[in-house]
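Novice: Could you have a look at this structure, given as structure tokens, before my questions?
No value in this document is a laboratory result; all are computed from the given coordinates. What you are looking at is a predicted structure, and each value in this text was computed from that prediction instead of being measured. Neighbour counts run over all protein chains shown; Cβ positions are idealised from the backbone, glycine included.
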Ligand SMILES: [Zn+2]
């Protein structure tokens, strides 16, 4: 359990600095608020940094309260994640004719990287959680997975990766701008960046309100919409990347950004969402 001392003071908006917001929902000590100026939805107060880091221990991956925190049994659901990432990897097939080098930031147990490894890619990962990054290396043989936070990005070579992915990660980071800024120079000029996160402006989010499944107050610190993710990318030096125009029939709950290619249109609906 968290203690009162583990919560931050009230926050101004991460994107524009405004202290003005409208409270959307409350849960325990937490509030989800919407910035009055730029519309970013964020959590204030939230856990302090050290308590956020502590979230990602082994309990996170085998949680007895997955509605609010972590996963019921992440590793047991490996077939599900492998199947989802196989579908997602087809996005990359649309851009890249042959295997190259891929970095997955926040790679968890390495299921996306396993899919890419099977396709012949050189795979690199960064994962803050010790138990699952050990699983990625030990069980899946993904030897280039590092255990650490996004500052590990600084140790990687510039102009090296064909693809860098952030699957369901930016909402967890205290400073997603810093992480994206660090990732950007690691991409080759024709590299693609995939940033995927839940869409707080989606119909699901509006209809479900406080019951939207992504309001997990300890771990999801930000909830982006199309405009605020665009602002985040612009502030991170990633303004050249464009949204993926994916015909997501029932899944406009997912925001995806990739590639400087403005004309990209996938051949089929290849995302089944979260
Ligand atoms: Zn703002």
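Novice: Go through 6-17, 34-45 and give me the packing order, highest mean Cβ count within 10 Å leading.
Specialist: The most tightly packed comes first, giving 34-45, 6-17.
Novice: Rank these for me by crowding, 25, 143, 220, going from fewest to most other beta carbons within 10 Å.
Specialist: Working: 25 16, 143 11, 220 20.
Result, fewest neighbours first: 143, 25, 220.
Novice: If you don't mind, there's one more thing I want to ask. Using a ≥ b ≥ c from the Cα gyration tensor of region 171-210 (square roots of the eigenvalues), is it rounded, prolate or oblate, where a/c under 1.5 gives rounded and otherwise the larger of a/b and b/c decides, a/b for prolate?
Specialist: oblate
Novice: Taking 0.36 nm per intervening residue step and subtracting the Cα-Cα distance, what contour gain separates residue 134 from residue 71 on full extension? Don't jump to the answer; show the numbers that get you there.
Specialist: Numbers: separation 63, 0.36 × 63 = 22.68 nm, distance 1.75 nm.
Contour length minus the Cα-Cα distance gives 20.9 nm.
Novice: List the extent of the Cα atoms of region 1-59 along each of their three principal axes, largest first, rounded to whole Å.
Specialist: Ordered largest first, region 1-59 gives principal extents of 38, 20, 19 Å.
Novice: In nm, give the distance between the simple-model label positions of residue 49 and residue 64, each being 7 Å from the Cα along the Cα-to-Cβ direction.
Specialist: Result for the modelled spin labels: 3.2 nm.
Novice: What are the radius of gyration and Dmax of region 21-92, computed over its Cα atoms and given in Å?
Specialist: Computed over the Cα atoms of region 21-92, radius of gyration and Dmax are 16.6, 43 Å.
Novice: What order do you get for 172, 223 when you list them from fewest to most C-beta neighbours inside 10 Å?
Specialist: So the residues, fewest neighbours to most, are 172, 223.
Novice: P(r) for the chain: what percent of alpha-carbon pairs falls in each 10 Å bin, starting at zero?
Specialist: 7, 29, 38, 22, 4, 0
Novice: Relative contact order, percent, of region 182-230 when contacts are C-alpha pairs under 8 Å separated by at least 6 residues?
Specialist: 39
Novice: Under 8 Å for C-alpha pairs, at least 6 residues apart: give me the relative contact order for the chain, rounded to a whole percent.
Specialist: Here the relative contact order equals 16 percent.
Novice: Rounded if a/c is under 1.5, else prolate if a/b is larger than b/c, else oblate: which is region 65-109, with a ≥ b ≥ c the root eigenvalues of its Cα gyration tensor?
Specialist: Here region 65-109 falls in the prolate category.
Novice: How do 46-54, 75-83 rank on mean C-beta neighbours within 10 Å, highest first? Present the calculation step by step, with values, prior to reporting the outcome.
Specialist: Details: 46-54: 16.2, 75-83: 14.1.
Going by the mean number of other Cβ atoms within 10 Å, highest first, we get 46-54, 75-83.
Novice: In percent, how large is the relative contact order of region 1-79, given Cα pairs closer than 8 Å and 6 or more residues apart? Don't jump to the answer; show the numbers that get you there.
Specialist: On the way: 106 pairs, mean separation 16.7, N = 79.
Relative contact order of region 1-79: 21 percent.
Novice: Calculate log10 I(q)/I(0) of region 98-170 for q = 0.14, 0.21 Å⁻¹, where I(q) comes from the Debye formula with a single equal point scatterer on each Cα and nothing for solvent.
Specialist: Scattering profile of region 98-170, log10 relative to I(0): -0.36, -0.82.
Novice: Based only on other Cβ atoms within 10 Å, what is the fewest-to-most ordering of 72, 123, 147? Each step should come with its number before you reach the end.
Specialist: Working: 72 13, 123 27, 147 17.
By the 10 Å Cβ count, ascending, the order reads 72, 147, 123.
Novice: Could you give the Stokes-Einstein D for region 144-199 in µm² per second, using the C-alpha Kirkwood radius, 4 °C, 1.567 mPa s? Kindly include the intermediate steps, with their values, before the conclusion.
Specialist: On the way: Rh = 11.8 Å.
My calculation gives 110 µm²/s for D.
Novice: Divide by every residue of the chain the summed helix terms, -39500 (n - 2.57) for each DSSP H run of at least 4, and state the resulting mean residue ellipticity at 222 nm, rounded to the nearest 500 deg cm²/dmol.
Specialist: Helix-only estimate at 222 nm: -7000 deg cm²/dmol.
Novice: Taking the Cα atoms of region 1-130, what is the range of coordinates along each of the three principal axes, in descending order and whole Å?
Specialist: The Cα atoms of region 1-130 stretch 48, 35, 22 Å along their principal axes.
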